[in-house]
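K.L.:
Dropping the structure in here first, questions after.
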Amino acid sequence: MASTSPFFLLTALLAFLSSAAASKHGGAPEDLVRSSCVHASYPTLCLRTLSSYSGPAKTPRDLAQAAVKVSLSRAQKVSNYLKSAVTTGSGKRERVAVSDCVDQIADSVDELSKTLGELKHLRGETFEFQMSNAQTWVSAALTNEDTCLDGFEGVDGKVKSDVKRKITNVAKVTSNALYMINRLNESRGRHRFNP
């Protein structure tokens, strides 16, 4: 952990400097990303993933969609990895844990996909209902990711450490996505919603 600390700090510093430089040149989207990520569960990861995400991020809605897309993309990659890891598990217990994890992450992918669909079609008259759906689905995706990790209790080996690292990363970006959805929900109270 200590060996990654300098890299972590360097990444944070570079992300901050690039955002600061962009804001001097009229980088309003970078300002929005930076101000939005500062209170996220994992602010450095939020800044890194959303600053480099291709596509416009001019509103809280854009940021929420981008955050969910990042989470969905990573969950899909982990899902593919898990499907291949089922057959390479070294023992029955490990294979069962991976197999259960495949189902849980498939559910997460489904929930994140539904969330993205909901965010793309927000309407003023159903906004609260749609936001409630998005919050519920992303929370469920987080629960599935935690449950996947719980299944590896008492299992040792490379597959466990790989799964733990990958799932932890997905859980962090999913947590940030939930934060951006909550932020979007709160912003509606301060600004008139424009679909």
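K.L.:
Within the bounds of region 91-110, is there any residue that is over 30 Å from Lys58 (Cα atoms) and not in a helix (DSSP H, G or I)?
P.N.:
yes
K.L.:
If I ask for residues that are over 27 Å from Ser99 (Cα atoms) and surrounded by 20 or more Cβ atoms within 10 Å (Cβ to Cβ), which ones from region 121-177 would you list?
P.N.:
At the first step, the residues of region 121-177 found to be over 27 Å from Ser99 (Cα atoms) are 121-133.
Scanning region 121-177 gives a single hit, Met131.
K.L.:
Using the structure shown, decide if Lys114 is among the basic types (Lys, Arg) and either crowded, with 22+ Cβ neighbours inside 10 Å or closer than 17 Å to Lys172 by Cβ (or both).
P.N.:
No: the conditions fail for Lys114.
None of the figures in this text is laboratory data; all of them are computed from the coordinates on show. Source: prediction; values computed, not measured. Every residue, glycine as well, gets a Cβ built from its backbone with ideal geometry; the counts of neighbours run over all protein chains shown.
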